[in-house]
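Let me begin by presenting the structure, written as structure tokens, before commenting on it.
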Amino acid sequence: MTEPDTGSMPAFPGGGLRLRRLDAWSLRVAIERPVETSFGIMRDRPAVFVRAEAEDGSFGYGEIWCNFPACGAEHRVVMAIDELAPMLTGRAFDAPADAFGHLWDKTRVRVLQTGEPGPYSQAIAGIDIALWDLAARQAGKPLRHFIAEGAVDAVPAYSSGIHIAIAHEAVPEARAAGFRNFKVKVGFDMAADLAGIAGLRKSLGAEERLFTDANQAWGLDDALTFAKGAQAYGLGWLEEPLRADAPAADWARLAKDGGVPLAAGENFTGALDFDAAIAAKSLSYMQPDMAKWGGVTGCLPVARAILAGGVTYRPHYLGGGVGLLASANLLAAVGGPGLLEVDNNPNPLREGVTGERIADGQFHLPDGPGLGIEAIPDGLGEHVTLHRIWKA
Ligand SMILES: [Mg+2]
């Protein structure tokens, strides 16, 4: 895994930053309708939120990816506070990227020793998001404008996480909520998947688009069968038809012969994978998940490289509200023909933080500094399963 590019990133406006406190919470919400993917079922929705506080009282929020398996949420809280926070003790950092680089360097041997690159990457990403939020608050600007002066304040969005078997109900619900783009999960039963796509296509309006996500379900033969079977339906893309680590030759063959634009990136684990995928040109859309790898520090240069490479940046995100706001801010800052992923499934850990943001197919970002939230709403306190604190 290549080290993230942390060069020439904005500094903390308040000068060298010393942290005095880091909080991490895991939250867990029971759900009525399980979220089913081809690799497994989410029976509750977890989230891990982080709050970083500097010696001058400035603060910022972040989120650590923990979607699956859901049992990993509390582990990431402990990792952020007991394992990573002490590495930040007694140092001043000029920029969020400096803290990221320090944590990254300090954990490389432990990543090998533990065999846990994922939780380390995700915990570092969440802390990084909190430090960028903090920096933007110090500057008194929304995070997107702190990153790029020309950032926009609304981004086109799509409704995600819809199982093909319930799409006939969920798509009209998403449409009523203001969405124009819909992504359905496939990879369960080939004939039923294709029949479902055919039925959905007929129900779409002229301005609406349909996307599909197989969550790494297939080998090359099945992926080709689906792609050719769905060719006539004008899919916006087919996401992760193959495993993220499938041979480049399989991705190239599917791109050449499948007749459907391909998307992937949520399971790429570092700059090397993104660079290789950009160079290979098999993907039309790339989908880094900033709470899963890289935070702002890692994903900002990756998103810019994606666009420079002629690929479209479409951030992946399916967690709580803090990470969704971060994902929206990064897309709004980077630009390009992006489309924000917004989970269709009810989740108070998401909408309880962001509030209603969708209108006319767009996600309208908050105007306040940083991510635009002042606190995790008190009402979510009942869902907290673990709260851990580090103090300098
Ligand atoms: Mg996906």
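Values in this text are rule-based calculations from the coordinates and carry no lab data. Computed from a predicted structure; not experimentally measured. Methodologically, a virtual Cβ is constructed for each residue, glycine included, from the backbone with ideal geometry; neighbour enumeration extends over all protein chains shown.
Observations
- Calculated on the alpha-carbon coordinates, the convex hull of the chain measures out at 124 cubic angstrom per residue.
- Sites ARG108 and ASP189 - FRET efficiency at Förster radius 41 Å, r taken between beta-carbons, to 0.05: 0.45
- For the residues ILE147, ILE166, ILE376, a GNM of the chain with alpha-carbon springs under 10 Å puts the largest fluctuation on ILE166.
- Under 19 Å from the Cα of LYS106 - lysines, other chains or at least 8 residues apart: LYS292
- When the range 41-88 is described by a simple charge dipole with +1 on each Lys and Arg Cβ and -1 on each Asp and Glu Cβ, the residue from HIS75, MET42, GLY62 located farthest towards its positive end is MET42.
- Gaussian network model of the chain, springs between alpha carbon atoms under 10 Å - residue of HIS163, HIS316, HIS102 with greatest fluctuation: HIS102
- Dipole in debye (nearest 20) - the range 297-376, about Cα centre, beta carbon charges: Lys, Arg +1; Asp, Glu -1: 320
- For VAL29, the amide hydrogen comes within under 5 Å of the amide hydrogens of ARG45, counting only partners 5 or more places away or on other chains and with H modelled in the peptide plane.
- Seen against the Cα atoms of the chain and their longest principal axis, helix 321-334 is set at about 80 degrees.
- Counting only DSSP beta bridges with both residues in the range 145-364, the antiparallel share comes to about 20 percent.
- Close amide-amide hydrogen proximity is noted between LEU386 and SER26, each under 5 Å apart and 5 or more residues distant or on a separate chain (H modeled in the peptide plane; Pro and chain starts excluded).
- Put a dot 7 Å past the Cα of SER203, heading toward its Cβ, do the same for ALA249, and the two dots end up 4.2 nm apart.
- Rounded if a/c under 1.5, otherwise prolate or oblate - the range 145-364, Cα gyration tensor axes: oblate
- Sequence-ordered 3J(HN,Hα) estimates for the range 299-305 from the Karplus curve with 6.51, -1.76 and 1.60 and θ = phi - 60° stand at 7, 4, x, 5, 4, 5, 5 Hz, glycine and proline given as x.
- Every pair of different Cα atoms in the range 212-294 enters the Kirkwood calculation, which places the hydrodynamic radius at 12.7 Å.
- Legend: distances between Cα atoms for LYS202/LYS281; LYS141/LYS185; LYS185/LYS256; LYS141/LYS183; pairs beyond 28 Å are LYS202/LYS281; LYS141/LYS185; LYS141/LYS183.
- The chain: most fluctuating residue of LEU371, LEU300, LEU224 per GNM, C-alpha cutoff 10 Å: LEU224
- Cα gyration tensor category, rounded, prolate or oblate, for the range 5-162 with a/c compared to 1.5: oblate
- Fraction of beta bridges assigned by DSSP in the chain that are antiparallel (%, nearest 5): 60
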